[in-house]
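The values are calculated or read from the model by the stated rules, or taken from the named source; none is laboratory data. What you are looking at is a predicted structure, and each value in this text was computed from that prediction instead of being measured. All Cβ positions, glycine included, derive from the backbone under ideal geometry; neighbour counts span all protein chains shown.
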Amino acid sequence: MKIAIFAFCLATLLMLAGCASGSMSRERAYELARNSECTQGANLTDEAGYDQEDGVWWIRMQASCNAVCIIDQNGTARAQWMCLGAQP
């Protein structure tokens, strides 16, 4: 019985450690965004947030339309242009 409880606790801790290591810091998200398409034609602002449901960072971009840079846990950063017309 003690071995089963120990094994359960160990498995739970390993699972939680894996979840925690998947999160990215705000600083890392900005670093990835600065070295991506997000800075081509727009500047990054200080407004940023983390979407826990989707597991992505978003950083508001200073552009002619409402745009954000989306950074996923794989380190991929992409511009999401929310313009009604053509993209810059």
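Contact map, segment 53-67: residues that are surrounded by fewer than 18 Cβ atoms within 10 Å (Cβ to Cβ) paired with residues that are among the acidic types (Asp, Glu) and assigned to a strand (DSSP E or B), Cβ distance under 9 Å, separation 6+ or inter-chain. Pairs shown: Arg60/Asp46; Arg60/Glu47. Among residues of segment 1-51 being closer than 16 Å to Arg78 by Cβ, surrounded by fewer than 13 Cβ atoms within 10 Å (Cβ to Cβ) and of a type in the set (S, T, N, Q), the one that is modelled with the highest pLDDT is Asn35.
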